1. For a quick check of your reading of the model, give me the residue pairs whose first member lies in the range 17-43 and is at positive phi, whose second is open to solvent by less than 30 Å² (accessible area, probe 1.4 Å) and at pLDDT 95 or above, with beta-carbon atoms closer than 7 Å and at least 6 apart or on different chains.
2. Assuming residue 83 fulfils every condition listed in (1) within 28 Å of residue 58 (Cα to Cα); (2) under 11 Å from the mean Cα position of the chain (by Cα) apart from one, which condition is it?
3. Check 24, 20, 52 and return the single one that is of a type in the set (A, V, I, L, M) and in contact with a helix residue (DSSP H, G or I) (Cβ under 7 Å, 6 or more places away or on another chain).
4. Can you pull out every residue in the range 11-41 that is within 26 Å of residue 63 (Cβ to Cβ), touching a Ser or Thr at 6+ places or on another chain (Cβ under 7 Å) and open to solvent by less than 10 Å² (accessible area, probe 1.4 Å)?
5. Could you tell me which of the residues 192, 171, 163 is under 15 Å from residue 104 (Cβ atoms) and touching a residue at least 12 places away in the same chain (Cβ under 8 Å)?
6. From the set of residues in the range 160-180 that are buried (at least 17 other Cβ atoms within 10 Å of the Cβ) and not aliphatic (A, V, I, L, M), which is farthest from residue 127 (Cα to Cα)?
7. Can you find a residue in the range 105-120 that is acidic (Asp, Glu), at negative phi and in a loop (DSSP other than H, G, I, E, B)?
8. Taking the range 89-128 as the search range and keeping residues that are without any contact (Cβ under 8 Å) to a residue 24 or more places away in the chain and open to solvent by 40 Å² or more (accessible area, probe 1.4 Å), which one is farthest from the chain's Cα centre (by Cα)?
Amino acid sequence: MVEIYRINVVLFNDFETLDVFGPVEIFGCVKEEFKMNFISMDSGIITSSQDVKTQTDKYEYSSKYKEIVFIPGGAGTRKGVEDYDLLKYIKDISLYSKYILTVCTGSALLAKSGLLDGREATSNKRSFNWVKEQSDKVLWIKEARWVKDGNIYTSSGVSAGIDMSLGFISDILGRDVALNICNRIEYIWNEDPKKDLFKVE
């Protein structure tokens, strides 16, 4: 019997479009195993920094799936780290989730919620100092394409979310599945999470 994972994508205004839809393209290649669920605190239309509008629903736990929470980054995280309700929302859903995935400055929200305490994590290099300010209890790793610590995956900036998603699929379904996706979408995957071609000194 195929295990079905539901990826609950937490959206907020001014999220980064590619943070979300790059990984969505990846997970959409294995629809039998992964179902996408776009959610927000109040449901309705959420608008990205690039003015892409996405319909969202309210989150409802379902025992039919193994839950995954997915948190993008973007300009909206600057306000998000001060939004107690959003942080609690993320934390509550994370507690129901088997895995937690973040892209870019989405790790700032996770750090501020306390869920990264004592964990290794990374984030967008150009916002790295700001992200680090959100928690001194996180073991921040600057030079990384993505970082896995237990059930939590965090990626570097924007396009790194695609590499992380392929890495996650490789861990769950096998490397061959990830490579088949790469061939299907004509993408060169950076397989090494420690190899960071975009490091900023």
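1. 43/56
2. The number of the failed condition is (2).
3. Numbers: 24 fails: in contact with a helix residue (DSSP H, G or I) (Cβ under 7 Å, 6 or more places away or on another chain); 20 fails: in contact with a helix residue (DSSP H, G or I) (Cβ under 7 Å, 6 or more places away or on another chain).
Exactly one residue qualifies, and that residue is 52.
4. Within the range 11-41, 11, 23, 26, 27, 39, 40 meet the criteria.
5. Of 192, 171, 163, the one residue that is under 15 Å from residue 104 (Cβ atoms) and touching a residue at least 12 places away in the same chain (Cβ under 8 Å) is 163.
6. 170
7. The first filter runs over the range 105-120 and keeps only residues acidic (Asp, Glu), leaving 117, 120.
From what is left, the residues that are at negative phi are 117, 120.
Still in the running and in a loop (DSSP other than H, G, I, E, B): 117.
Looking through the range 105-120, at least one residue is acidic (Asp, Glu), at negative phi and in a loop (DSSP other than H, G, I, E, B).
8. Result: 118.
The values are calculated or read from the model by the stated rules, or taken from the named source; none is laboratory data. In this text, all values refer to a predicted model and were calculated from it rather than measured experimentally. Cβ coordinates were reconstructed from backbone atoms using ideal geometry, including for glycine residues, and neighbour counts include every protein chain displayed. Just the protein is used for accessible areas: all its heavy atoms, side chains included, with ligands, DNA and RNA removed. Shrake-Rupley method; radii C 1.70, N 1.55, O 1.52, S 1.80 Å.
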